[in-house]
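I have placed the structure first, in the form of structure tokens, so that the comments after it can refer back to it.
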Amino acid sequence: LLWNVDFTGFFDNREYKFSKQLSQTFFGTRLSPEIGIGVLNNKHRIMAGASWIQPFGANKRESSVDFTAYYRYQQPDFCMSFGAFPRTQLIESLPEVLQYDSLTYFRPNIMGALFQYIGKKGFAELYIDWRQMQTENRREAFIIVGSGRWQPGLFFLGGYAVMNHLARSKNAGPDQSVMDDMVLYPYVGVDFARLTPLSELSLKAGYLLSLERHRGIGVWHHPQGFISELKVQWRFIGV
């Protein structure tokens with residue numbers, strides 16, 4: 001018999017001077033209990049539970065409950081999950097430039113499948129998150145994400161590949177069109193943490209290429225640019 005309880009509190013105050021970005025404050029809690037069974041030294045697991053999300057200052061109708069139910073296969077070098085499983089199972093979260101970061105507050109579960117390889121010098125993972133089923137009033141929506149990193153020593157290289165798909169609803173009119181959004185983000189870097197008492201000290205640089213298409217118009221847009229990132233962290237304090 002297996003059980004797990006995750007409790008998360010979040011406070012995120014956002015102030016923007018950009019007309020397309022809403023200034024707001026996220027303040028609340030999320031409680032996620034799970035119970036299930038494991039066999040063969042927990043190599044195979046079947047788990048079920050829920051995540052109750054309660055923003056502060058909101059009433060019960062403005063809270064939400066996401067149900068959890070998944071199968072998990074786990075070995076030292078390979079893991080996979082299928083169903084509605086916690087986003088915390090990911091080896092690495094997507095950087096904020098590739099997903100809106102409040103997703104981790106209000107959509108704690110991935111609904112689909114996850115495959116992970118963990119080696120001595122790196123990792124790779126691939127997952128599909130089916131966000132919406134197609135109905136008369138809802139558009140089909142899913143995202144496919146692949147990421148990985150290889151670090152034989154001081155230097156490392158890796159990247160992300162994301163494909164976000166928004167289809168039409170059933171019997172949609174001509175005003176609705178399929179949207180395609182794809183991102184490639186390779187990077188290289190150097191990790192000095194092992195040479196210092198710090199938890200993390202790394203410098204990373206890469207290039208991000210986006211491919212965006214509104215099929216009703218048929219024109220591709222490709223915003224792109226260089227990205228560099230310096231991380232310094234000691235225990236729970238970082239910049």
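Is there a quick way to get the dipole size of region 6-104? I mean about its Cα centre, with the Cβ of Lys and Arg at +1 and of Asp and Glu at -1; what is the value in debye to the nearest 20?
Using only the charged Cβ atoms, the result is roughly 220 debye.
Taking the Cα centre of region 89-239 as the origin and placing charges on Cβ (Lys, Arg +1; Asp, Glu -1), which of PRO186, ILE227, GLY153 is farthest toward the positive end of the dipole?
Ranked along the dipole, the leading option is GLY153.
Suppose every K and R has +1 on its Cβ and every D and E has -1 on its Cβ; what is the size of the dipole of the chain about the Cα centre, in Debye to the nearest 20?
It comes to approximately 180 debye.
Tell me, what is the per residue accessible area of the chain in Å², probe radius 1.4 Å?
Accessible area per residue: 63 Å².
Rounded to the nearest 500, what is the 222 nm mean residue ellipticity of the chain from helices alone, with -39500 (n - 2.57) per DSSP H run of 4+ residues and division by all residues?
Values: 1 runs with 4 residues, N = 239.
Only helices count here, giving 0 deg cm²/dmol.
Just flag the chymotrypsin sites (Phe, Trp or Tyr not before Pro) in region 45-78 sitting in loop per DSSP whose Cβ has no more than 16 other Cβ atoms within 10 Å.
Hits after loop and neighbour filter: PHE56.
For region 1-77, which trypsin sites (Lys or Arg not before Pro) are both in a DSSP coil and crowded by at most 16 other Cβ atoms within 10 Å?
The qualifying sites are LYS17, LYS20, LYS43.
How far apart, in nm, are two points set 7 Å out from the Cα along the Cα-to-Cβ line at TRP150 and at THR135?
Calculated label separation equals 4.5 nm.
Of all the stretches in the chain, which is the longest one without any exposed loop site, taking GluC sites (Glu not before Pro) in a DSSP loop (any state but H, G, I, E, B) with at most 14 other Cβ atoms within 10 Å?
With a cap of 14 other Cβ atoms within 10 Å, the longest stretch comes to 137-239.
The values are calculated or read from the model by the stated rules, or taken from the named source; none is laboratory data. Since this is a predicted model, take the numbers as computed values, not measurements. Glycine also receives a Cβ, built like all others from the backbone with ideal geometry; neighbour counts cover every protein chain displayed. Surface areas here come from the heavy atoms of the whole protein model, side chains and all, with no ligands, DNA or RNA. Shrake-Rupley method; radii C 1.70, N 1.55, O 1.52, S 1.80 Å.
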